[in-house]
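A short reminder: the numbers here are calculations on the coordinates, not readings from a lab. Bear in mind the structure is a predicted one, so any value in this text is a computation, not a measurement. When we count neighbours, we look across all protein chains shown, and the Cβ atoms used for this are built from the backbone with ideal geometry, even at glycine.
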Amino acid sequence: MSAVAPPIPVSVIGGYLGAGKTTLVNHLLRHAEGRRLAVLVNDFGELPIDDALIEARDGNLLRLAGGCVCCSFGSDLLGALQQLGTMRPPPDQVLLECSGVARPGAVARTLTLLPALQRDAVLVLADAETLRERAADRYVGELVQQQLAEADLIVLNKCDRIAAHGLQALQGWLTGVAPQARVLPCTQGRLAPELLLGLGSVPRAAGLAPAHDAARQFASVSVAFDHAVDAARLAEALADPALGLLRAKGLLRDALRGWCVLQQVGARGRIDALPGTAPAQPRLVGIGLRGQLDEDALRRALAASRA
Amino acid sequence: MSPITIFQARRILTMAPSRPLATHVAVRDGRILGVGALDELTGWGPYRLETRLADKVLMPGLVEGHSHLMEGAFWRFVYCGCFDRRDPNGRTWPGAKTLDDVLARLREAQARLADPAQPLAGWGFDPIYFDNRRCVREDLDRVSPTRPVGMIHASGHIINCNSAALAAAGWLRSGIDHPGVPLGADGLPTGELKGPEAMMAVAGVLGLDRAVLAGDEAGLRLFSRLCVRAGVTTATDLASPLPDEALPMLLRTTAEDGFPTRVVPLLRLMGAPEPTILRAAALQGQSSDRLRLGRVKIVADGSIQGFSARLRWPGYYNGAPNGLWYIAPEQLQQALTLALQHGVQVHVHTNGDEATDAVLDGLERALEQHPRPDHRFTLQHCQLADAAQFRRMKALGLCVNLFANHHFYWGDEHYRLTVGPERATRMNACATALATGVPLAIHSDAPITPLAPLFTAWCAVHRLTASGRTLGEHERIGVADALRAITLGAAWTLKLDGEIGSIECGKRADFCVLDDDPLAVPAMQLKDLPVWGVVQDGRIFAASELPTD
């Protein structure tokens, strides 16, 4: 057994000013449900964290309810990340909130400099109401579009402020600007953490079903099967936008590697060996937007990856 | 009553319109009682005639409107630049013309290190002049295979290091995927590290960490010696995080009787504007005579030679994609509005013309919300501005501090590669600024280029590049205008022109002491004019008598 701790997954949260990054972070903190989250923010300038969550303040570190922490990194992102890598006990997950002008893809690549951390999905927030206007802005339009093009998952926020047909048009436009990304419409960042987090290799007991789907926005599918698969081929197939998958998790028997876990957030997939005892049966769980998730296509992809 | 000293000089260039030339200046309590002929000054009462400077030419103490205190700290490391450069001790280090020269110099410095584990760091490296022969870690492994060795480039944006330095940072491994860390055929980093994130860890290993250098007392003293040798009596630190723990050191050191420089640190604004603007407003009350606090610097974009500046159409000459915003234009506007509201002066770094437009637009809207007469917000570098932008600066009350030195060191690159011939010709358009009536300063950005305002003036007067090309002959300015830009012009951009920048009754007794008259020597010799030293707050500092180590 290696004594080296497993790398800590880092979700990169990008998007232009006012898109709702901080709102989403607060939402995730309020619904951490036992996860020990470490949040990194550019600065504490505009009180990024709900007062109710703060237990203690210690220089550039806020101690939050439930063992979570929040640090500001200012001009030294790498130093702050390094510090998190040495935290004992280590956090379960890092949420890295980028500045509004940062390129989230570049920030995600910075993570490869630190072996103690591993890249989770790049989440890019967008304000549904003002996105098209921002994307046409003389100064930052190009940047806003680049940010979207670097997303694994676009959290399309403030959807309550636009009409249904407007939302549809916007999603169509996003397909052109960011063909690689899955789009998650929402309001005030209210999304189940399971949808956004967790390329980490250790599967959680909780399933994939979003805990708070009052609007019945999501559909999920769970497929049990017997055969061994080529996990890499399956991951590639699941990345196809036609499946309408936002998030998938599979407990698989790979023909070469044996039991493993497949984690998929948007276009980004990850395969890790499965620790502990083998499950009774291979299973693949997928989730997508109601009306967009194509169960048949998912089953076909699974069949095609039979080893 | 404090004693009066009357300084006798061969000639005094006062830069004061009502009496441009004089021979004597009377000083009491570090301030100027009067300037003129001796018999016009004796009426103030008993005096001591100071004749040490009787054969010298005095002009107002030079004002460096854009430098970094870090230049002082850098001299503790090995100078690896391509051009001759004088250190705080007055020793001139010849330029290292080839990579082998650089390596030899590092080896020579290494021979003086007793501890085999002590890192060896250099600065000022500029391989542009080595036909872009790239330095890789194997080159620096020839200096030492075991000791961390590295050097930071002249631009400040790249570090080259050896294998031991990479290993100490934990980066001598495969699996790195970062645009700032190029990999060799073996999948390992080549030792070239580009951009703040890529540089940070190795900078820490080498002792080149910016935040550490910012609070460095020894570096501050070395910086002040460079100022004396350059005739500078007031210099900016543009900008500093000004950590609370550094403030007492800065106040104490600058207040020492033997400290020869007035320091103006600008507080760097990053992220949310309000806390920084409010902190700057609060700092104003803590200023002393030789430490002037309460101004803010904002960085809007990157650099042109690094292709990180924001350019308007048609963009970079070589087709490189547009650069980076270092602050969102909305936040910039918010910062400017808050600063106007709280009476905090702001200097904004812009290099590309699109970044300059963002400041012009932002300030226009900010002024609609919070009109403030005579705000003197200043564009720093502002290298690529065109004539229409200078007209808007004038209309909005902006000042400009142009990077005249840059033209000499990188003008050929701009002509050939970054912006092409026409726009390279208009870069740092000093003549347009003057013709438009925009208050003008010029600067070194030391340590990016040497702290030497007379050289900076020479650059603005001749616009010669390193290869000898006159780049933009119509943007050249006269010697008198250039001398004004490095005195009263820079003082104006700091709102200190009522105190410094000319030799007049009531102002600080700050003089640059020269062996000859800069208006009388051939203009081509301006950069070589020997500086004898300075008088600062009435105290004489001869360059030849500075402490050395």
If the convex hull is drawn through the Cα atoms of chain A, its volume per residue in Å³: 135
Value at 222 nm in deg cm²/dmol, rounded to 500, when DSSP H runs of n ≥ 4 in chain A each add -39,500 (n - 2.57): -7000 deg cm²/dmol
Inverse of mean 1/r across different Cα pairs in chain B, Kirkwood, Å: 24.1
Of B:Ser467, A:Ala267, A:Pro115, farthest towards positive along the dipole that unit charges on Lys, Arg, Asp, Glu beta carbons give the protein assembly as shown: A:Ala267
Given 11 as the ceiling on other Cβ atoms within 10 Å, longest exposed-site-free region of chain B for trypsin sites (Lys or Arg not before Pro) in DSSP loops: B:134-549
Distant-in-sequence amide H partners of B:Arg85 (H built 1.01 Å from N, under 5 Å): B:Trp93, B:Gly95
Cβ-based exposure ranking for A:Thr86, B:Thr236, in which fewest neighbours within 10 Å come first: A:Thr86, B:Thr236
B:Gln110-B:Arg391 pseudo-label distance in nm [points 7 Å out on the Cα-to-Cβ vector]: 5.9
Beta bridges by DSSP in the protein assembly as shown, antiparallel share as percent, to the nearest 5: 50
FRET E, pair B:Ala435, B:Ala523, Förster distance 25 Å, beta-carbon r, rounded to 0.05: 0.80
Selection from A:Ala297, A:Asn60, A:Gly105 lying farthest towards where the dipole of chain A points positive, charges on Cβ: A:Ala297
Where the Cα pairs of region B:362-414 fall when distances are cut into 10 Å bins, in %: 21, 45, 23, 9, 1
Extreme residue, positive dipole direction of chain B, given options B:Gly294, B:Gly191, B:Gly498 (C-beta unit charges): B:Gly498
Label point distance in nm, A:Ala169-A:Asp226, each placed 7 Å from Cα along Cα→Cβ: 5.3
R0 of 22 Å, Cβ-Cβ distance B:Glu364-A:Glu142: FRET efficiency to nearest 0.05: 0.45
Potential extension, B:Cys505-B:Thr42 segment - 0.36 nm per residue separation minus Cα distance: 165.3 nm
Separation between Cα centres of region B:79-141 and region B:473-548, rounded to whole Å: 32
Estimated inter-spin distance, B:Arg469 and A:Arg63, nm [label 7 Å along Cα→Cβ]: 6.2
log10 of Debye I(q)/I(0), alpha-carbon scatterers only, for region A:89-172 at 0.15, 0.21, 0.24, 0.27 Å⁻¹: -0.63, -1.01, -1.20, -1.39
Förster radius 35 Å - calculated FRET efficiency between A:Gln83 and A:Asp240, Cβ distance, rounded to 0.05: 0.35
CD proxy at 222 nm, helix term only [per DSSP H run n ≥ 4: -39500 (n - 2.57); per residue of chain B; nearest 500]: -8500 deg cm²/dmol
For chain B, size of Cβ-based charge dipole, Lys and Arg +1, Asp and Glu -1, in debye: 500
Two-decimal ratio, the protein assembly as shown, of alpha-carbon radius of gyration to 2.2 N^0.38 Å: 1.06
Pairs of lysines in the protein assembly as shown (C-alpha under 21 Å apart; 8 or more residues apart or interchain): 7
Student exercise, chain A dipole from Lys, Arg, Asp, Glu Cβ charges, in Debye to nearest 20: 560
Test item: Cα-centred dipole of the protein assembly as shown, Lys/Arg +1 and Asp/Glu -1 on Cβ, debye: 520
Antiparallel bridge percentage (DSSP; both residues within region A:28-153; nearest 5): 45
Alpha-carbon Debye profile of region A:213-304, log10 I(q)/I(0) at 0.12, 0.20 Å⁻¹: -0.34, -0.89
